[in-house]
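Notes follow once the structure below has been shown.
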Amino acid sequence: MAYGQFEQFIRNMSRVMGAVNTKLQRDLTLRTRVARRFSMVETAQFLGVDTTYLTRISGEEPSFPAGERRGRERTFSPSEIMLIRALIGSNKAARKPYLHWRRPGEPVKVVTFGAQKGGTGKSLTAAHFAQYINLNYGLRVGVIDADPQATVSLYFADEKLPLFQHDTPTLADFMGVDDPATVSLETPDPETLNSVWQPTPWPGVRLIPGGANIQNGDISLFFMSQKAKVPVYGVLRNAIRAWDAAYPPVTTVENIRGDNGEFDHAAYARALDETVDVIVIDQQPSLTLMQLNGLIAADSVVIPQTMKGFDLATLATYVSNIGEYLEFIMGFESDIEIGGGRHMVLPTIVQEQNDQDTDQILDLYRKAPREVMQVWYSRSDAIANAAEEYKSIYEYLPPKTRRASARAFMANANAVNDALVERIMPDLPTRGYAETFIRERWN
Ligand SMILES: Nc1ncnc2c1ncn2[C@@H]1O[C@H](COP(=O)(O)OP(=O)(O)OP(=O)(O)O)[C@@H](O)[C@H]1O
Ligand SMILES: [Mg+2]
């Protein structure tokens with residue numbers, strides 16, 4: 001009786017898992033989320049200024065955060081870095097932009113990280129990108145976790161976020177497809193849409209958490225398509241548009257200082273939460289209807305991809321399946337415009353010691369120089385420890401023995417993110433990290 005035994009097995013495991021403490025390390029991480037502080041030198045680097053300038057401003061500007069002093073070191077949290085950015089950026093004497101918020105009238109930018117293969121670093125890449133543009137450009141970011149595993153959520157959640165609880169709304173709620181029994185063809189109202197976003201400890205970064213009911217979304221979308229001839233691939237895109245229309249950027253950098261030049265803390269706080277500039281979507285490794293929605297909603301799609309031969313076979317199926325979907329969609333809606341930005345394959349977890357991976361990249365790049373990036377994520381030991389705690393490299397505080405490898409991996413993350421920014425948001429000033437990486441590896 002195979003069925004009976006399986007049922008018994010599931011029942012036993014449910015009982016056991018109910019009693020197992022799955023939260024030990026998780027609780028520790030959630031309690032200390034974004035506990036990492038950054039030195040004066042690191043802060044200056046994020047802002048793109050030199051330390052002398054920063055030190056001078058810290059003396060002149062009355063609202064400059066004190067930070068934490070330990071001996072001669074003075075350190076800042078991400079929130080304090082954002083405030084410093086706003087202080088400098090809103091100063092009439094600022095010689096360049098520091099706060100790169102979108103202006104009123106500009107649409108939100110959507111970037112989706114997806115691949116067919118599991119474990120290629122999609123979630124880590126997405127988390128790093130969101131944190132990098134927050135730290136380096138002051139961008140407000142909405143992270144959407146499209147994966148029932150909720151990996152990227154774990155990189156952002158603190159103890160206040162009700163992850164893995166039944167009533168925590170997910171992407172399925174945002175799309176109005178959380179309950180297959182009551183499928184409606186209408187986008188949820190703006191207030192409902194807005195309530196799905198959860199605050200995170202990062203300044204101006206919010207999250208739509210992942211969760212099991214994302215799978216319900218697929219069932220609902222299927223029913224929807226049976227019920228009426230509706231474009232079930234555009235539900236997320238419509239939801240994002242409806243939310244963006246109701247919660248657009250209003251405040252500009254100029255608005256966060258009064259006429260007398262005094263910094264307006266209330267206006268700054270409101271502006272930080274009024275909208276987001278970029279939406280980052282982390283996909284699950286598959287091409288379900290829910291994941292298709294994430295691709296169709298995107299201005300730019302990034303495919304983080306490992307370079308082993310077998311893994312590349314999954315890239316082949318992924319793109320050919322998407323191709324078939326697109327053909328179907330065009331047949332349905334011939335004038336639809338999808339993905340107006342740039343799209344790219346990002347090599348990940350590359351083993352540089354042997355030539356196989358790098359040869360593969362070289363070969364791909366020669367064949368598709370526009371599509372394949374010259375910057376990649378190398379395999380790193382540093383991240384293994386950080387990932388155990390669900391900490392990104394921008395958050396991880398390594399023990400002494402791992403400081404060098406952590407520093408190297410952060411430089412790697414900076415290069416990847418700099419290259420992504422250059423393609424996805426070409427108006428932003430790049431930092432030169434990608435250029436350095438390419439000079440060092442592609443001689
Ligand atoms: N550059 C790297 N070097 C070493 N390990 C890495 C690197 N990038 C990611 N990893 C590890 O690989 C594992 C998978 O990473 P991640 O969760 O980001 O992948 P994913 O593609 O989102 O996975 P999934 O398909 O399950 O969503 C994690 O344990 C992560 O720490
Ligand atoms: Mg993932």
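In table form, for the structure just shown:
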item: Filter result for ASN412 (surrounded by 20 or more Cβ atoms within 10 Å (Cβ to Cβ), outside any loop (DSSP other than H, G, I, E, B) and not hydrophobic (A, V, I, L, M, F, W, C)); result: yes
item: Single unsatisfied condition, ALA266 versus (1) without any contact (Cβ under 8 Å) to a residue 12 or more places away in the chain; (2) in a helix (DSSP H, G or I); (3) touching a helix residue (DSSP H, G or I) at 6+ places or on another chain (Cβ under 9 Å); result: (3)
item: Looking only at the range 99-129, and only at residues there that are of a type in the set (A, V, I, L, M) and not in a helix (DSSP H, G or I), the one that is farthest from VAL421 (Cα to Cα); result: ALA115
item: Test: residue in the range 327-337 that is buried (at least 16 other Cβ atoms within 10 Å of the Cβ), more than 21 Å from the chain's Cα centre (by Cα) and at pLDDT below 95; result: yes
item: Enumeration of residues in the range 238-251 that are surrounded by 14 or more Cβ atoms within 10 Å (Cβ to Cβ) and either among the β-branched types (Val, Ile, Thr) or outside any helix (DSSP H, G or I) (or both); result: ILE240, TYR247, PRO248, PRO249, THR251
item: All positions within the range 109-132 that are among the hydroxyl-bearing types (Ser, Thr, Tyr) and more than 10 Å from ligand 2 (Cβ to nearest atom); result: THR112, TYR132
item: Condition met for GLU191 (over 23 Å from GLY121 (Cα atoms), more than 16 Å from ligand 1 (Cβ to nearest atom) and either of a type in the set (S, T, N, Q) or part of a loop (DSSP other than H, G, I, E, B) (or both)); result: no
item: Test set (1) of a type in the set (A, V, I, L, M, F, W, C); (2) more than 16 Å from ligand 1 (Cβ to nearest atom); (3) within 26 Å of ASP311 (Cβ to Cβ) - ALA93 fails condition number; result: (3)
item: So LEU161, is it part of a loop (DSSP other than H, G, I, E, B), touching a residue at least 60 places away in the same chain (Cβ under 8 Å), of a type in the set (A, V, I, L, M, F, W, C) and out of contact with any helix residue (DSSP H, G or I) (no Cβ under 7 Å at 6 or more places or on another chain); result: yes
item: All positions within the range 369-395 that are crowded, with 19+ Cβ neighbours inside 10 Å, more than 8 Å from ligand 1 (Cβ to nearest atom) and closer than 22 Å to ARG31 by Cβ; result: TYR390, LYS391, SER392, ILE393, TYR394, GLU395
item: Filtered residues of the range 274-287 (kept if more than 15 Å from VAL143 (Cβ to Cβ) and either crowded, with 24+ Cβ neighbours inside 10 Å or more than 14 Å from ligand 2 (Cβ to nearest atom) (or both)); result: GLU274, LEU287
item: Unmet criterion (only one of (1) under 29 Å from LYS96 (Cα atoms); (2) in contact with a helix residue (DSSP H, G or I) (Cβ under 7 Å, 6 or more places away or on another chain)) for GLU435; result: (2)
item: Single unsatisfied condition, ALA316 versus (1) under 27 Å from the mean Cα position of the chain (by Cα); (2) farther than 19 Å from SER286 by Cα; (3) of a type outside the set (S, T, N, Q); result: (2)
item: Restricting the range 133-156 to residues that are aliphatic (A, V, I, L, M) and either more than 16 Å from ligand 2 (Cβ to nearest atom) or not in a loop (DSSP other than H, G, I, E, B) (or both), the residue that is modelled with the lowest pLDDT; result: LEU154
item: Sole exception among (1) away from ligand 1 (no atom under 16 Å from the Cβ); (2) within 30 Å of GLY211 (Cα to Cα) for ILE281, by number; result: (1)
item: Residue in the range 387-395 that is farther than 29 Å from ARG103 by Cβ, within 16 Å of ligand 2 (Cβ to nearest atom), part of a helix (DSSP H, G or I) and in contact with a Leu (Cβ under 9 Å, 6 or more places away or on another chain) present; result: yes
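This table checks each residue for (1) of a type in the set (D, E, K, R); (2) at positive phi; (3) in contact (Cβ under 8 Å) with a residue 12 or more places away in the chain.
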residue	(1), (2), (3)
GLY119	no, yes, yes
LYS122	yes, no, yes
ALA127	no, no, yes
LEU139	no, no, yes
GLY142	no, no, yes
PRO148	no, no, yes
THR151	no, no, yes
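The values are calculated or read from the model by the stated rules, or taken from the named source; none is laboratory data. Model, not experiment: these values are computed from the prediction. Methodologically, a virtual Cβ is constructed for each residue, glycine included, from the backbone with ideal geometry; neighbour enumeration extends over all protein chains shown.
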